[in-house]
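Where a number appears in this text, it was derived from the coordinates with a stated rule and is not lab data. Everything quoted here is computed from the prediction, not taken from an experiment. Cβ placement follows ideal geometry from the backbone for every residue including glycine, while neighbour counts extend to all protein chains displayed.
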Amino acid sequence: MNTLLRSLLLLTAVGTASAWAQVKVENAWARATVQGQKATGAFMKLTASQATQLVAVSTPVAGVSEIHEMKMDNGVMKMRAMPVLPLPANQAVELQPGGYHLMLMDLKAPLAKDGSIALTLTFKDAKGQVSKQQVNVPVTTGMPQGQMQGHMQGHNQGQMQGHSHGPAEHKH
Ligand SMILES: [Cu+2]
């Protein structure tokens, strides 16, 4: 069997498998890091065709990957890990600086600008059916449109090196 035919068959198989629990991933990007920086954020827009939940994320480039939420609490920006991120049917959920994000920690090497990383998203639908989706995420220094630059300066400037997940919430 030639390689082209094989990849076509593979594509068909993947398409079929994901048809029942499809989540559209758009505008994905991860923030580039500098030498010595141990954590960064990945962002994207997720739209599920039927109600589902993002339950896990993983990537070979990070030792630990978590779903995080950042929000104002008494005037202080706080970040916390979320066990699941609900994705209502046909409703876009934005993961962006200053809000939900995927936190990649214990990075094995710096994420170079203009590179890309492979992320595996694990979803669980209303029936408890689990599916995984692979996304290739470009690495950039900021949101592609240049919006909201500087919002996650902690991620950007390596201030998150001590990123801890104890009871004391880290703030930006
Ligand atoms: Cu975070």
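Using DSSP, restrict attention to beta bridges with both residues in the stretch 22-148 and report what percent are antiparallel, rounded to the nearest 5.
Just about 90 percent of them are antiparallel.
In the stretch 30-90, one over the average inverse separation of all distinct C-alpha pairs is 13.7 Å, which is the Kirkwood hydrodynamic radius.
In a simple Cβ point-charge model (Lys, Arg +1; Asp, Glu -1; nothing else charged), the stretch 22-148 has a dipole of about 100 debye relative to its Cα centre. Overall form of the stretch 22-148: prolate. Here a/c, set by the Cα gyration tensor axes a ≥ b ≥ c, is 1.5 or more, and a/b is the larger of a/b and b/c.
Projecting label points 7 angstrom from Cα along Cα→Cβ for Gln35 and Asn90 puts them 5.3 nm apart.
Peptides 71-84, 32-45 ranked from most to least packed by the mean count of surrounding Cβ atoms within 10 Å: 32-45, 71-84. Given Val139, Ala56, Ala28, which one lies farthest toward the positive end of the charge dipole of the stretch 22-148, if we put +1 on the Cβ of every Lys and Arg and -1 on the Cβ of every Asp and Glu? The one lying farthest along the dipole's positive direction is Ala56. Rounded to whole numbers, the Karplus 3J(HN,Hα) couplings from phi for the stretch 39-46 are 9, 8, x, 10, 9, 5, 10, 10 Hz, using 6.51 cos²θ - 1.76 cosθ + 1.60 with θ = phi - 60°, and x at Gly and Pro.
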